[in-house]
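Asks: To start, I am sharing the structure in question, which I have written as structure tokens.
The values are calculated or read from the model by the stated rules, or taken from the named source; none is laboratory data. Only a predicted model underlies this, so the values are computations on that prediction, with no experimental measurement involved. Don't worry about glycine lacking a Cβ; one is built from the backbone with ideal geometry, like all the others, and counts go over all protein chains shown.
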Amino acid sequence: MFLTDLPEDLILDLCGHLNAHDIISLRQTCKALESATRERAVWRMALSRHIQRSRLPVPNAHRYDVPSLSTRELEKLTLRSLCYWSNWLSPSPHFYSHLNIRPVRLRFLNHHRNARNLAIAFIPGIPDHILTLTLYGDTTFHERYSFELWNVAGGSQATFVDTVAVAGLLGYAINSDAESNVTMTITRRSEGHNHQGLGLPCITEAYRLEVPRTQDRSCFLLLRQFVGFRNTIGLHGSRLVVTDAEQHVRILDVDTGRLQCTLMAPMMLNDPTLRSAERQALDVVIVDNFVLSFCKQYIFLYHIPPSARQSHPQDTDSSFEPPELEAVATYKWQWRIDTLIAAPRRSPQDLTVSTLPGSRSASTYSTAPVIDVLTRFDTWFPWPVNILHHFVLAPNPLYRADTVDLARPETFPYLLSSTEGPFMVHSIPSPVRIFTPSDVVLGRYGTALWIDASTDVNTPSQAGDHGQRIAGKLLTQTALPKVRLRPGEGPQDDQVSPGPVDPATLAYTGQPSGSLDSSEQGPEVSVFHVQESDEKWNRVAVDEEGGRIALGHVDGTVSVYTYVPS
């Protein structure tokens, strides 16, 4: 029996299990199979299958209306996506276009030493745009900090969109929720502060960025102002997470400007005046009604009661008193942490063709997500450890949002204890030379990028005498362990973590548990760029949807590289 003798629906089903290159090869065998490979359902399944395997989005998906694409257009989109994925995951990714951004005010300065790039960010929900933050040293106090919005869709030249100047900047946050009405917040000193930021309360401003810009108003639309706190941690939907000198984490409602609750940092020796640096919050993840506060040496889990989650009118007569919440679970790292980034991992349903523009939304899991944690431990020396550690915090398989009992820790979304905490997946050599600028970011789809010292191919764990590199790895492409080890059981177990996780824990949430083969895992580290002599990079940002990375320079300029073929 020949392959062509099979029923047409069975041939189409077989094509759905092939990769794109095998489909092209099959097309060249005979006319009957050539006709089958030009069916739209074949390429729709191929695109969906490869999205789930690579765990990367379709590049520039906002430009396509998938239901209206012809079969030929869908085939070209699939092949273009595969080209992007293989390039992004290669040991030395190749960029197809490059542009430089020189902040507007630099054009009026005599030399670049008067400016410095402080931050760069791609904005969820506003594709093809990048936000830069520049510090100017020779301008007035009221114009010292400047946010600028640029359109980078041109490929070879960026287009300036709009800017807003800020006096006495203390912090800012870009909303992780693209659907939120508030795009970003800016916290600054209010009038009356001295140079140390003491005096009157801080002011937080909530903005919505409206693109494209209209002629009669700015893209930075100020929605409201309210009393804020000095240190900004993150903005997730309507919840702004901040902290202060007391190291308590506070959650503000940006829609009303009111304080929802305070997450109390546990006291030392029952003395409220002691401020331990180990309890300083570095990042926060919110899952349903729980908050995970990742600190320098601890992870604290809090539960937000219904009274704190409700919106309250902003008036002086409100009787609502924001609750002060104690941690319901605690985990202590083996050592203090210098750098930490935590992000919930997207589920496989978030990476299907059905989630592209113009398609129906996919169903979501009712369980808690896996959380990826990228850390660099601290040392007593004036430089951190030359290793990045990728940890995973696995969800509790028994967790259900509607059956939580605070008296029973086994009902919590995450089990935090000496044997049930984050486990280390792998370590990555990443040397940081003393006084050399460095930065670490984690993309929405799991791409970790970092700036460290230039290394030799034969000694990737040691820094050279000079130079920098931009390295990265797709953390979700790493196979997770299959066997749990207790501390001390393995020859390489140094009690950094409680050990590998039971695969059943991850299988419950549809996450891979050691199922990836070596060909799918990609290289240990991808090196995007290297500069052998200079050390001018100080910031890095990643946009997996657009296939871009951005590099901030110490002189205020920004470079943007695109890795998607045109």
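Asks: Is there any pair linking a residue in region 229-247 that is outside any strand (DSSP E or B) to one that is surrounded by fewer than 24 Cβ atoms within 10 Å (Cβ to Cβ) and acidic (Asp, Glu), with Cβ under 9 Å and at least six apart or on different chains, and which?
Replies: Close Cβ pairs (under 9 Å, with a partner that is surrounded by fewer than 24 Cβ atoms within 10 Å (Cβ to Cβ) and acidic (Asp, Glu)) amount to 229/244; 230/244; 237/177; 237/179; 238/177; 238/253; 238/255.
Asks: While we're here: How many residues are closer than 18 Å to residue 448 by Cβ and either assigned to a strand (DSSP E or B) or basic (Lys, Arg) (or both) when one looks only at region 520-559?
Replies: Residues in region 520-559 being closer than 18 Å to residue 448 by Cβ and either assigned to a strand (DSSP E or B) or basic (Lys, Arg) (or both): 17 in total.
Yes/no per residue for (1) modelled with pLDDT of 70 or more; (2) in contact with a Phe, Trp or Tyr (Cβ under 8 Å, 6 or more places away or on another chain); (3) surrounded by 14 or more Cβ atoms within 10 Å (Cβ to Cβ); (4) not in a loop (DSSP other than H, G, I, E, B):
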position	(1), (2), (3), (4)
1	no, no, no, no
22	yes, no, no, yes
42	yes, no, yes, yes
47	yes, no, yes, yes
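Asks: Residues of region 28-62 being basic (Lys, Arg) and free of Cβ contacts under 8 Å to residues at least 12 places away in the same chain, which ones?
Replies: 31
Asks: Mind checking which pairs have a first residue in region 550-566 that is farther than 13 Å from residue 156 by Cα and of a type in the set (A, V, I, L, M, F, W, C) and a second that is assigned to a strand (DSSP E or B) and modelled with pLDDT under 90, Cβ under 8 Å, 6 or more apart or different chains?
Replies: 554/116
Asks: In region 526-563, how many residues are among the β-branched types (Val, Ile, Thr) and surrounded by fewer than 20 Cβ atoms within 10 Å (Cβ to Cβ)?
Replies: Pass one, region 526-563, residues among the β-branched types (Val, Ile, Thr): 527, 530, 540, 542, 549, 554, 557-558, 560, 562.
Now narrow it down to the ones that are surrounded by fewer than 20 Cβ atoms within 10 Å (Cβ to Cβ): 527, 530, 554, 557.
Matching residues across region 526-563 total 4.
Asks: Would you point out the residue of region 150-181, among those that are in the same structural domain as residue 237 (by TED's automatic domain parsing) and among the hydroxyl-bearing types (Ser, Thr, Tyr), that is nearest to residue 229 (Cα to Cα)?
Replies: Out of the qualifying residues, it is 172.
Asks: So which residues in region 75-98 are surrounded by 20 or more Cβ atoms within 10 Å (Cβ to Cβ) and in a helix (DSSP H, G or I)?
Replies: 75, 77, 78, 81, 84, 85, 88, listed by residue number.
Asks: Return the only residue of 227, 291, 284 being surrounded by fewer than 18 Cβ atoms within 10 Å (Cβ to Cβ) and at pLDDT 90 or above.
Replies: 227
Asks: If you go through region 430-445 one residue at a time, do you hit one that is in contact with a Ser or Thr (Cβ under 9 Å, 6 or more places away or on another chain), part of a strand (DSSP E or B) and either over 22 Å from residue 548 (Cβ atoms) or free of Cβ contacts under 8 Å to residues at least 12 places away in the same chain (or both)?
Replies: no
Asks: Is region 26-33 home to any residue that is modelled with pLDDT of 75 or more, surrounded by 14 or more Cβ atoms within 10 Å (Cβ to Cβ) and of a type in the set (Ser, Thr, Tyr)?
Replies: No, because not a single residue in region 26-33 is modelled with pLDDT of 75 or more, surrounded by 14 or more Cβ atoms within 10 Å (Cβ to Cβ) and of a type in the set (Ser, Thr, Tyr).
Asks: Could you run through region 120-134 and say how many residues are closer than 14 Å to residue 62 by Cα and in a strand (DSSP E or B)? First the steps, then the outcome.
Replies: Here is the first cut: in region 120-134, the ones closer than 14 Å to residue 62 by Cα are 123-129.
Next cut, in a strand (DSSP E or B) only: 129.
Of the residues in that region, 1 qualify.
Asks: Filter region 115-146 down to the residues that are surrounded by fewer than 17 Cβ atoms within 10 Å (Cβ to Cβ) and over 19 Å from residue 443 (Cα atoms), then identify the one that is modelled with the highest pLDDT.
Replies: If we take residues in region 115-146 being surrounded by fewer than 17 Cβ atoms within 10 Å (Cβ to Cβ) and over 19 Å from residue 443 (Cα atoms), then 135 is modelled with the highest pLDDT.
Asks: Same structure again: Restricting attention to region 34-82, which residues are hydroxyl-bearing (Ser, Thr, Tyr) and under 21 Å from residue 445 (Cβ atoms)? I'd like the intermediate steps shown before the answer.
Replies: In the first step, residues of region 34-82 are kept if they are hydroxyl-bearing (Ser, Thr, Tyr); the result is 35, 37, 48, 54, 64, 68, 70-71, 78, 81.
Matches in region 34-82: 48, 54, 64, 78, 81.
Asks: Out of the residues in region 345-369 that are buried (at least 16 other Cβ atoms within 10 Å of the Cβ) and either more than 18 Å from residue 51 (Cα to Cα) or touching an Asp or Glu at 6+ places or on another chain (Cβ under 6 Å) (or both), state the one that is modelled with the lowest pLDDT.
Replies: Among residues in region 345-369 that are buried (at least 16 other Cβ atoms within 10 Å of the Cβ) and either more than 18 Å from residue 51 (Cα to Cα) or touching an Asp or Glu at 6+ places or on another chain (Cβ under 6 Å) (or both), the one modelled with the lowest pLDDT is 367.
Asks: Restrict the check to region 271-279 and report whether at least one residue is buried (at least 21 other Cβ atoms within 10 Å of the Cβ) and in a strand (DSSP E or B).
Replies: Taking every residue of region 271-279 in turn, none turns out to be buried (at least 21 other Cβ atoms within 10 Å of the Cβ) and in a strand (DSSP E or B).
Asks: Consider region 396-426. How many of its residues are in contact with a strand residue (DSSP E or B) (Cβ under 8 Å, 6 or more places away or on another chain) and either within 16 Å of residue 289 (Cα to Cα) or surrounded by 14 or more Cβ atoms within 10 Å (Cβ to Cβ) (or both)?
Replies: Matching residues across region 396-426 total 14.
Asks: If you go through region 241-260 one residue at a time, how many are under 18 Å from residue 281 (Cβ atoms) and of a type in the set (D, E, K, R)?
Replies: Total meeting the criteria: 3.
The rows are residues; the columns are (1) modelled with pLDDT under 95; (2) out of contact with any strand residue (DSSP E or B) (no Cβ under 6 Å at 6 or more places or on another chain); (3) not assigned by TED's automatic domain parsing to the domain that holds residue 306.
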| site | (1), (2), (3) |
| --- | --- |
| 183 | no, no, no |
| 215 | yes, yes, no |
| 219 | yes, no, no |
| 241 | no, no, no |
| 245 | yes, yes, no |
| 256 | yes, yes, no |
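Asks: Identify the residue in region 55-65 that is assigned to a helix (DSSP H, G or I) and in contact with a Pro (Cβ under 7 Å, 6 or more places away or on another chain) and, among all such residues, is surrounded by the most Cβ atoms within 10 Å (Cβ to Cβ). Can you show your working first?
Replies: Going residue by residue through region 55-65, those that are assigned to a helix (DSSP H, G or I) are 61-63.
Now drop any that are not in contact with a Pro (Cβ under 7 Å, 6 or more places away or on another chain), which leaves 61-62.
Details: 61: 20, 62: 14.
Filtering region 55-65 for residues that are assigned to a helix (DSSP H, G or I) and in contact with a Pro (Cβ under 7 Å, 6 or more places away or on another chain), the one surrounded by the most Cβ atoms within 10 Å (Cβ to Cβ) comes out as 61.
Asks: Oh, and also: Just one of the numbered conditions (1) modelled with pLDDT of 95 or more; (2) buried (at least 21 other Cβ atoms within 10 Å of the Cβ) is not true of residue 260; which one?
Replies: Answer for residue 260: the failing condition is (1).
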